[in-house]
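The values are calculated or read from the model by the stated rules, or taken from the named source; none is laboratory data. As the structure is a computational prediction, the values presented were derived from the model and not from experiment. Quick reminder, even Gly has a Cβ in these numbers, built from the backbone with ideal geometry, and neighbours come from all protein chains shown. Quick note on the areas: whole protein, heavy atoms, side chains included, nothing else; ligands and nucleic acids left out. Shrake-Rupley method; radii C 1.70, N 1.55, O 1.52, S 1.80 Å.
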Amino acid sequence: MQNLTKENYIFPKQKLQLKKIEKDKINRVLIFCGSFNPPTIGHLRVLEDIANHFSLLDQNIIGGYISPVNQKYKKKDLTVGDYRIEMCDLATKSSSWIMLDPWEALQDEYIRTKISLEHFQKEIDTILEKEKIEEKVKVSLVCGSDVIESMIAPDTFWIKEQVIELTKKFNIICGLRDTTADNLKEKISKSYLEPVQEYIHIIKTSPMSISSTMVRNLANKKLSFKYFVLDPVMDYILKNQLYI
Amino acid sequence: MDLYQYKFPQNKLQFNKIIPQKDSYILVLFGSFNPPTIAHLRSLESISNFFKSKDKNVIGGYLSPVNTLYTQKNLESEKHRATMCDLATSSSSWIMVDKWECTRKSYVRTFTALEHFKDEIDSLMKKKKIKTNIKIPYLCGQDIIDSMIEPNGFWVEERVLRMISKFGLIVVQREDPLPSKKLEQKIKSTFLNDVKDKIEICESPVESSTLARSLIKKNLSAKYLLADPVIDYIKRNQLYRL
């Protein structure tokens, strides 16, 4: 990760699981945009939850990216931009499918989310073309509820037409706890995003206080419980086929 | 689990931290640990932070898995749960696993388990010729308070009072907690009012990046909130100090 610049940047693809792509199914790549200052176990956990959600809907997740926002984004405390890249790299190291894409953070200026998502779609499409894969892979935006809240805020800095276009083209996926999820859905239905609300997936994810019951249920369903328990614990559960 | 092979773990106890004028604590988390999660370890880190910010010393911590005689469905064997606790605490500098409860042939009441810890620690202190009294409060979540005050419930009122007056009680506020004030009122409106001075409420707030940063800035632990390599990196690069 040292001396990474805009010029020597290469799109990371080592964890993309192209062989998972299936015809007649929705194939997705998840893009988690945020500050990641620093990246927490909760961030990674949200991605695992969302992947579980789509696999239960019989959709394929081909890969996931964490895309730290550019430092020029007007938010306090983002002064450690380069460190965020390094930390996201470390945080995703033990994942078999989540990668860091530093593209957004490496640009000279703040990048609007739509532009960032188009970058991903372009890169993915190029790979598919090279590999002669004809199926489509959908790039989807994963974000925290704060992002949606800011989109529909009265004094929003988002460009409304862009948000609507982005939502239609890429879909927005937001993982939230039960009660807040219902609240957010209602807020969206009363905002300018109402006409595109079907493209916004509000997914009820596990609260950050992680319970053993939840882990057992997931293990039992053979779904991911990584980042709920520490890696050596997870290995032990799998090796000994516990809770199945 | 074999009783004859049992030894009280003490390898991570930090005796050198004991200062005679200061209160010193050992934190014991009881539970089924089926399996142990990051949140279990995280709550011990939070309680330790709680004491540290009150200028008190924490000498060590333990996970104490209950034995299988405790009637909970789907409880894995002692061996598996104890081993998982070992794995989960392997990267901790101060949290150990005590398997004494696992070696018992019958269900162990919390009071008895706390006495076991008190006896073990006191005899260690005697050996080391350290005269400070080490406190071992009972740590629990709000759900336990609710079960304690439930009429004709699992807990025996007298025993609860005896336990709290001897050991003290720390209530850890978790997800969607009652505000501390409300919880205090709830406690005061029941038989627990007799021991209210022995009960402390420790807030363990929602675990976000903002929280992680503010902890690091205060020199408090953010372990298990963040992945280990991230914490190492933050430390090495002295991030979020200002």
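Sort out which residues of the stretch A:91-146 are in contact with a Phe, Trp or Tyr (Cβ under 6 Å, 6 or more places away or on another chain) and charged (D, E, K, R), and write them in order of number.
Matches in the stretch A:91-146: A:ASP101, A:GLU123.
Could you please give the count of residues in the stretch A:173-194 that are in a helix (DSSP H, G or I) and not polar (S, T, N, Q)? Show your work before the answer.
Step one: of the stretch A:173-194, the residues in a helix (DSSP H, G or I) are A:178-189, A:194.
This time we only want the ones that are not polar (S, T, N, Q), so: A:178, A:181-182, A:184-188, A:194.
Matching residues across the stretch A:173-194 total 9.
Kindly indicate which of B:GLU200, B:GLU184 is away from chain A (no Cβ under 14 Å), open to solvent by less than 60 Å² (accessible area, probe 1.4 Å) and not in a loop (DSSP other than H, G, I, E, B).
B:GLU200
Answer yes or no: is there a residue in the stretch A:95-104 that is out of contact with any strand residue (DSSP E or B) (no Cβ under 6 Å at 6 or more places or on another chain), part of a strand (DSSP E or B) and either closer than 23 Å to A:ILE203 by Cα or not β-branched (Val, Ile, Thr) (or both).
No, that holds for no residue.
Among the candidates B:PHE154, B:PHE117, B:PHE167, single out the residue that is of a type in the set (Phe, Trp, Tyr), at pLDDT below 90 and either open to solvent by less than 40 Å² (accessible area, probe 1.4 Å) or assigned by TED's automatic domain parsing to the domain that holds B:THR68 (or both). Steps first, please.
Working: B:PHE117 fails: at pLDDT below 90; B:PHE167 fails: at pLDDT below 90.
Residue meeting the stated conditions: B:PHE154.
All but one of (1) part of a helix (DSSP H, G or I); (2) more than 18 Å from A:LEU16 (Cα to Cα); (3) at pLDDT 85 or above hold for A:PHE120; state the number of the condition that does not hold.
(2)
State the number of residues belonging to the stretch B:63-96 that are of a type in the set (A, V, I, L, M), within 14 Å of chain A (Cβ to nearest Cβ) and open to solvent by 10 Å² or more (accessible area, probe 1.4 Å).
So the answer is 3.
I want to confirm something. Restricting to the stretch B:13-50 and keeping residues that are of a type in the set (Phe, Trp, Tyr) and modelled with pLDDT under 90, which single residue is surrounded by the most Cβ atoms within 10 Å (Cβ to Cβ)?
Quick first cut of the stretch B:13-50, residues of a type in the set (Phe, Trp, Tyr) only: B:15, B:25, B:30, B:33, B:50.
Among the residues that remain, those that are also modelled with pLDDT under 90 are: B:33, B:50.
Details: B:PHE33: 24, B:PHE50: 20.
Among those that are of a type in the set (Phe, Trp, Tyr) and modelled with pLDDT under 90, it is B:PHE33.
Looking only at the stretch B:35-42, decide whether some residue is more than 14 Å from chain A (Cβ to nearest Cβ), in contact (Cβ under 8 Å) with a residue 24 or more places away in the chain and not basic (Lys, Arg).
Within the stretch B:35-42, not a single residue is more than 14 Å from chain A (Cβ to nearest Cβ), in contact (Cβ under 8 Å) with a residue 24 or more places away in the chain and not basic (Lys, Arg).
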